[in-house]
C-alpha cells in the first residue's frame with residue numbers, strides 16, 4: 001500500500017476517522033489510510049440530521065463494492081449537517097478524504113473529548129505500528 | 001494455516017490484497033476492483049482460481065457413478081463437452097455445484113468449489129463403493145487459470161498452435177499452451193467469452209507470466225475474486241455458500257435446467273416430491289429502486305411481512321445499479337414485484353427483475 005496522507009490540524013481515532021474542531025462544532029470524515037483500506041467507496045449512508053451521538057458511537061456507514069464499514073463519532077454531539085454530495089459522488093471519500101469527502105458535522109461538541117484522540121504525529125506513529133504488525 | 005496456490009508469491013509481488021476464501025489465501029483485488037471488472041467486460045482479465053478442486057473419474061463404471069451423483073444426464077454428453085450440474089443429497093439439498101468434463105465414456109473430470117472439495121470427495125468415494133471406477137482428487141497438483149473477456153481468444157492464441165476458434169462454447173480440448181500440456185475449455189464464470197485452463201502446478205508461474213506479458217498489449221489485467229463476484233452476479237450465476245447450499249434445492253435455485261428427471265440420481269425422489277407439492281420459495285434477481293446495497297443475509301419484506309432473505313448483492317459496475325439475488329416466498333417471485341429489503345434500520349424498495357441482469361450482446 002502506498003503512503004498515507006495525514007493532515008496536521010486534525011484529530012484521529014483508532015478507527016481511522018478524523019475530526020476538525022472549530023469552537024463547539026466538528027467536521028468528521030475518514031482518513032486517507034481508511035479510504036485506501038476500504039477501496040472504492042460506492043455508497044455512503046449519511047446520518048440523520050438531529051441524531052445525537054456519543055463519542056465513539058456508530059454514526060453512519062460507508063460501503064465499498066465488497067464491504068460495509070461503520071463510521072464512528074470521534075467526539076460526541078448532534079448531527080448538524082451532512083455532505084449530501086456524497087449521495088451522488090461517494091468516490092469523493094477516496095479522492096479527497098480530508099476535503100470534499102467530509103461526511104457530517106456535529107454541533108454541541110465538547111472540545112475536551114479530543115484528549116481521547118490522537119493528533120497527527122500520534123496517528124502517524126499508530127499507523128506505523130499497525131503496518132509493522 | 002491458509003492454503004496457498006502456486007501463484008501466491010506472484011499475487012504478493014503484484015501488491016494484491018489477499019483474503020481467506022474457503023480456507024485459501026486468495027487475491028480479492030490487485031489495484032482496483034471496478035477496473036478489473038471492466039477489463040473483463042471490455043478487454044480481458046486473468047484469474048488464478050487454483051483453489052477450486054478437480055477430481056478425475058476413470059473406469060468402466062464412470063458413467064454409472066456420475067449418473068448417480070450428479071443431476072445431469074451424463075449419457076447425453078459428447079466427448080470434449082463441458083456441462084454444469086449439481087450434486088444433491090437424499091433430501092435434494094445441494095452438496096455442491098460442479099462442472100463436468102467428458103474426455104471419454106471412461107474418463108471424466110469434475111471441477112468443484114474450494115470449500116466443498118474434501119466433503120465432495122468423501123461423498124463421491126462413498127457412492128463409488130462396489131463400482132469399477134477410480135476417483136482421484138488431483139486438486140493439489142493442478143493450477144486453474146481463467147482468462148476471460150472479448151480479447152481472451154486473441155491473447156491465448158499467441159501461445160498455441162491449436163486453432164482456438166474451433167472450440168465451441170462449453171467444449172474443451174487437450175493441447176499445449178507455451179509448450180505445457182493442458183485442458184482448455186471455452187467457458188467461465190463471468191458472462192464473457194473466455195477460457196478455463198487446467199495444468200500442472202509446476203508450470204503455474206511460467207504460464208501466468210506469459211499470459212500477463214502478452215495480455216498487456218490487449219489491456220488484460222490480473223483480476224481478483226472481488227471482480228469475479230461482481231461479474232458472476234451480473235450474469236445471475238450462483239455462488240455456493242451464498243446463493244445455494246445444502247438447505248436449498250436446485251429447483252428453488254435457478255438450476256432446474258441442470259436437473260434431468262429422465263434418469264436416476266441421488267435426491268431425485270425428493271426433488272420430484274418437491275415439484276409435485278409445489279415450491280415454497282424461489283431464488284430471484286432484484287434491483288434496488290432506492291439508495292442502498294443489499295448484502296447477504298439482509299431480510300426481504302413484502303407488505304410488512306418477512307418473505308425471504310438476500311443471498312448476494314453488489315453494485316453492478318456494468319449496469320450502474322445495485323443488484324442482488326435472494327430467496328422469496330413462492331408467488332412473490334414474479335417479475336416486477338416490488339419488495340422491501342431491510343438495510344440496517346431502513347426498508348429500501350427493490351424490484352424483481354429477469355435474470356441474468358447482464359447478457360453479452
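Bear in mind these aren't lab numbers, they're just calculated from the coordinates by the rules spelled out. Please read these numbers as outputs of a predicted model, since none were measured by experiment. FYI the Cβ positions are ideal-geometry reconstructions off the backbone, even for glycines, and counts take in every protein chain you see.
Binned at 10 Å from 0, what are the whole-percent values of the Cα-Cα distance distribution for segment B:273-338, short to long?
Using 10 Å bins, I get a P(r) of 21, 51, 22, 6, 0 for segment B:273-338.
Given springs between every Cα pair under 10 Å in a Gaussian network model of chain A, which of A:77, A:101, A:50 has the largest fluctuation?
Judging by the Gaussian network model, the answer is A:50.
Classify chain A as rounded, prolate or oblate from the Cα gyration tensor: take a ≥ b ≥ c as the square roots of its eigenvalues, call it rounded if a/c is under 1.5, otherwise prolate when a/b beats b/c and oblate if not. Please list the in-between numbers first.
Numbers: a/c = 1.74, a/b = 1.07, b/c = 1.62.
Oblate.
Separation between the residue B:319 and residue B:305 pseudo-spin-labels, each 7 Å from Cα along Cα→Cβ, expressed in nm?
2.7 nm
In square nanometres, what is one fourth of the surface area of the convex hull spanned by the alpha carbons of segment B:133-237? Present the calculation step by step, with values, prior to reporting the outcome.
Working: hull surface 30.3 nm².
For segment B:133-237, averaging the hull's shadow over all directions gives 7.6 nm².
Could you please rank A:98, A:33, placing first whichever residue has the fewest other Cβ atoms within 10 Å of its Cβ? Kindly include the intermediate steps, with their values, before the conclusion.
Numbers: A:98 19, A:33 23.
If I rank by nearby Cβ atoms, fewest first, I get A:98, A:33.
Decide, for segment B:53-138, between rounded, prolate and oblate: order the square roots of the alpha carbon gyration tensor eigenvalues as a ≥ b ≥ c, take rounded if a/c falls under 1.5, and otherwise choose prolate if a/b is larger than b/c, else oblate.
Details: a/c = 1.35, a/b = 1.23, b/c = 1.10.
It is rounded, given that a/c, with a ≥ b ≥ c, falls under 1.5.
For residue B:291 and residue B:247, what does the FRET efficiency come to when R0 = 30 Å and r is the distance between their Cβ atoms, rounded to the nearest 0.05? Display every interim value, and only then the final one.
Details: r = 31 Å, r/R0 = 1.04.
Efficiency, rounded to the nearest 0.05: 0.45.
Cα centroid distance between segment B:308-341 and segment B:42-113, in Å?
Rounded to whole Å, the Cα centres lie 29 Å apart.
Of B:223, B:235, B:88, which is the most mobile in a GNM of chain B whose springs link Cα atoms less than 10 angstrom apart?
Of the options given, B:235 has the highest mean-square fluctuation.
Within 10 Å of each residue's Cβ, count the other Cβ atoms and sort B:180, B:155, A:21 from fewest upward.
Details: B:180 19, B:155 26, A:21 22.
Going from least to most buried by this count: B:180, A:21, B:155.
Let me make sure I get this right: for chain B, a, b and c are the square roots of the gyration tensor eigenvalues over alpha carbons, sorted descending. Under 1.5 in a/c it's rounded, otherwise prolate if a/b > b/c, else oblate. Which is it?
Working: a/c = 1.85, a/b = 1.14, b/c = 1.62.
Because a/c hits 1.5 or more and a/b fails to exceed b/c, chain B counts as oblate.
Per residue of A:60-67, count partner chain C-beta atoms within 10 Å of its C-beta, then hand back the mean as an integer. List each step's numbers first, then the result.
Details: counts 1, 4, 0, 6, 6, 15, 13, 3.
Other-chain Cβ atoms within 10 Å of each residue's Cβ, averaged: 6.
Which order do A:91, B:272, B:36 fall in if you start with the one that has the fewest other Cβ atoms within 10 Å? Mind dumping the intermediate values first?
Working: A:91 16, B:272 13, B:36 25.
Result, fewest neighbours first: B:272, A:91, B:36.
Along each of its three principal axes, how wide is the spread of alpha-carbon positions in the protein assembly as shown, in whole angstrom units, largest first?
83, 55, 42
Taking the Cα-to-Cβ direction at residue B:162 and at residue B:21 and moving 7 Å from each Cα, how far apart do the two end points lie in nm?
2.4 nm
Testing the spin-label approximation: label points 7 Å from Cα along Cα→Cβ at residue A:7 and residue A:54. State their distance in nm.
Between residue A:7 and residue A:54, the label points sit 2.9 nm apart.
I'd like the distance separating the alpha-carbon centroids of segment B:172-205 and segment B:1-38, in whole Å.
19 Å
Give me the one-decimal Kirkwood hydrodynamic radius in Å for segment B:41-80, with the sum taken over alpha-carbon pairs.
On the way: mean 1/r = 0.0754 Å⁻¹.
Every distinct Cα pair counted, the radius reaches 13.3 Å.
Comparing A:92, A:122, A:26, which has the greatest mean-square fluctuation in the GNM of chain A with Cα pairs linked when under 10 Å apart?
Answer for the Gaussian network model of chain A: A:122.
Give me the percent of Cα-Cα pairs in segment B:9-161 that sit more than 17 Å apart, rounded to a whole number. Write down the numbers at each step before the final one.
Values: 7905 of 11628 pairs.
Counting every Cα pair in segment B:9-161, those more than 17 Å apart make up 68 percent.
Can you tell me the Rg and the Dmax, both Å, for the Cα atoms in segment B:1-42?
Looking at segment B:1-42, its Cα Rg and Dmax stand at 11.3, 37 Å.
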